[in-house]
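Everything below concerns the one structure shown next.
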Amino acid sequence: MGINVVGKAVQLDDTHQKRVNTSLDHNPVVEEVDGMIVRYVFTRHKQQKGDGDGNPLIYALKGINSFTIVPMYRTRVMDRAQAIVASIAHELEEHDHVMPLPSSNGLAREVAEMVCAVIGKPLLEPTFLRKKTAAEMVVQYGEELPPKLTPSQSSEYKSQIALWRRAHGIKSVSMKGIDTGIRGFFDPLVLSGELPDIEEQRVLLVDDLMSSGTTLGSASSILTGGKNCQVSGLCLLSGLPRS
């Protein structure tokens, strides 16, 4: 079951796996990202003949960027995701908690709640984490460039700092709008409350889409840095293959 995009409408198509592979036979896919095991429910890939990639599916599920998906198709997507998660329930049951990453959109939480229902583990509310503001990013990263930037990275980095300087200072940052070539230089999350009692426990972090892994890594660092716990990740859609 792949997707077709007609205008801004996302449709499912059982005759191919273009843009997103949702088959039960080939999912989930497992990858190590900066030392953390991450499972992808669906595999996103880029087509060679102008067919684009799987981003419109996430946009439609979130109801953003004017993309839409009819309720019937949306239900089929989430049912397929649940079936794939159920196929690895024996692996996920090793976790003590399931935690969605902080987000202004509810899709990551929806996926996390589905995982909780499948494996019978509690949801860990991410209320002790928040995204940094534009002003905080300028203070932390705006004084000097990181070492060993390429000329193109340097240009992108300076442009991003300039955007944050012009932004409303208290507005939370969104990593998805930042060029993937420089995302790794920024840490987007900050501890905003007391860490929960997760000493020597395992936490499954859930996000909707893998892009650079920056936000997953930021949340993992906060959890493991403050508590002696183990962290792994689960994303509804994978990243694109590296060229």
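Tabulated data for the structure shown
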read-out	value
Leading residue by the ranking (surrounded by the most Cβ atoms within 10 Å (Cβ to Cβ)) among those in region 2-35 that are under 10 Å from Pro56 (Cβ atoms) and among the charged types (D, E, K, R)	Arg19
Enumeration of residues in region 184-200 that are at pLDDT 90 or above, not aromatic (Phe, Trp, Tyr) and not in a loop (DSSP other than H, G, I, E, B)	Leu189, Val190, Leu191
Qualifying residue in region 126-134 (condition: part of a helix (DSSP H, G or I), out of contact with any helix residue (DSSP H, G or I) (no Cβ under 8 Å at 6 or more places or on another chain), in contact (Cβ under 8 Å) with a residue 24 or more places away in the chain and not β-branched (Val, Ile, Thr))	no
Selection count where residues are open to solvent by 20 Å² or more (accessible area, probe 1.4 Å), of a type in the set (D, E, K, R) and farther than 18 Å from Asp96 by Cβ, scope region 111-139	3
Counted residues, region 96-120 - those being outside any helix (DSSP H, G or I) and in contact (Cβ under 8 Å) with a residue 60 or more places away in the chain	10
Test: residue in region 147-159 that is among the aromatic types (Phe, Trp, Tyr) and open to solvent by 40 Å² or more (accessible area, probe 1.4 Å)	no
Residue match in region 164-172 (condition: surrounded by fewer than 16 Cβ atoms within 10 Å (Cβ to Cβ), at pLDDT 90 or above and touching a helix residue (DSSP H, G or I) at 6+ places or on another chain (Cβ under 8 Å))	yes
Breaking point among (1) without any contact (Cβ under 8 Å) to a residue 40 or more places away in the chain; (2) open to solvent by less than 20 Å² (accessible area, probe 1.4 Å), for Ile198	(1)
When residues of region 58-76 are limited to those that are out of contact with any Leu (no Cβ under 7 Å at 6 or more places or on another chain) and surrounded by 19 or more Cβ atoms within 10 Å (Cβ to Cβ), the one farthest from Leu195 (Cα to Cα)	Phe67
Of residues in region 82-94 being among the hydrophobic types (A, V, I, L, M, F, W, C) and part of a helix (DSSP H, G or I), the one surrounded by the fewest Cβ atoms within 10 Å (Cβ to Cβ)	Ala89
Residue, nearest to the chain's Cα centre (by Cα), within region 137-159, restricted to residues that are assigned to a helix (DSSP H, G or I) and more than 14 Å from Thr180 (Cα to Cα)	Met137
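Quick grid of which residues meet (1) of a type outside the set (A, V, I, L, M, F, W, C); (2) open to solvent by 60 Å² or more (accessible area, probe 1.4 Å); (3) in contact (Cβ under 8 Å) with a residue 12 or more places away in the chain:
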position: Ser174; (1), (2), (3): yes, yes, yes
position: Gly177; (1), (2), (3): yes, yes, no
position: Thr180; (1), (2), (3): yes, yes, yes
position: Phe186; (1), (2), (3): no, no, yes
position: Val190; (1), (2), (3): no, no, yes
position: Leu205; (1), (2), (3): no, no, yes
position: Ser212; (1), (2), (3): yes, no, yes
position: Ser221; (1), (2), (3): yes, yes, yes
position: Cys235; (1), (2), (3): no, no, yes
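The values are calculated or read from the model by the stated rules, or taken from the named source; none is laboratory data. Everything quoted here is computed from the prediction, not taken from an experiment. Glycine also receives a Cβ, built like all others from the backbone with ideal geometry; neighbour counts cover every protein chain displayed. Calculation scope for accessible area: heavy atoms of the full protein, side chains included, ligands and nucleic acids excluded. Shrake-Rupley method; radii C 1.70, N 1.55, O 1.52, S 1.80 Å.
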